[in-house]
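Encoded as structure tokens, the structure appears first; notes follow it.
The values are calculated or read from the model by the stated rules, or taken from the named source; none is laboratory data. All figures in this text were calculated on a predicted structure; none of them were measured in a lab. Here Cβ is always computed from backbone atoms with ideal geometry, including for glycine, and neighbour counts include all displayed protein chains.
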Amino acid sequence: MVVKMKNGIKFLHRSAFLLLLSGVLWTTSCGGPKAEDGEGAISFTKEGTIRADIRESFEQSYYDKDELQQTILQEVAEYNSGAGAGSIAVEKVEVEDGTALVQMTYQTSADYAAFNQVTFFCGLAAQAKSEGLNLNVVLSGLKDPTQTVGESDILAMEGAILLITDVQEEISLNGKALYASDNAVISENGKNVRSAGEDGKLIYIIYK
């Protein structure tokens, strides 16, 4: 899902860092710090919400923390005015020792996808198919990579959650990965996943 903000600014993943320089908004995709300059993490909470923690280089001599915070709060308020109050909450904006930290909470994966203009689906496979996401994929088992599942198997799985995304940040699941696409990197305990580094490529994870 791609949604354009009312003011025309397009947010990409890690969009919480709207670095202001000479009145121009920068994001990590259009002239701002490269991925190696910062780090981010996404996690699913027990309540089912999504928390995004972003750290990025932030030189006080060029950027203003108060302006950064105000810009983020304004954009979130504009999104919430259309999507519903509380859809996104800004938990923290801090700048310390040249590094900015922004923590945001999203009520649903759809909110994360819409605000950041990325693919970020988390839910039942049938819902993903109804939203037009491609399920014609082959996923390999984590315990036994020779055990694979295709679209019909994925749709038939009961109680399993499907994650489809193109974000590059590490994601902490509220469960354990069972099957994954070959471009996904899974932690040993099966609870943390990330892309193998192919920008724009979707990763697929089935977990419980």
### Task
Examine region 141-159 for a residue that is out of contact with any Lys or Arg (no Cβ under 7 Å at 6 or more places or on another chain), in contact (Cβ under 8 Å) with a residue 24 or more places away in the chain and under 27 Å from residue 55 (Cα atoms), and state whether such a residue exists.
no
#### Entry: Residue, nearest to residue 54 (Cα to Cα), within region 164-190, restricted to residues that are among the hydroxyl-bearing types (Ser, Thr, Tyr) and in contact with a helix residue (DSSP H, G or I) (Cβ under 9 Å, 6 or more places away or on another chain)
165
### Query
Taking strands (runs of 3 or more DSSP E) that fall entirely within region 160-208, which contain at least 1 residues that are of a type outside the set (A, V, I, L, M) and crowded, with 22+ Cβ neighbours inside 10 Å?
161-165, 177-180, 203-207
### Query
How about region 177-194: which of its residues are more than 18 Å from the chain's Cα centre (by Cα) and aliphatic (A, V, I, L, M)?
178
### Message
Looking only at region 80-114, count every residue that is in contact with an Asp or Glu (Cβ under 8 Å, 6 or more places away or on another chain) and closer than 23 Å to residue 168 by Cβ and tell me the total.
### Response
9
#### Entry: Those helices (runs of 4 or more DSSP H) lying entirely in region 38-132 with at least 3 residues polar (S, T, N, Q), surrounded by fewer than 20 Cβ atoms within 10 Å (Cβ to Cβ) and outside the structural domain of residue 176 (by TED's automatic domain parsing)
65-83
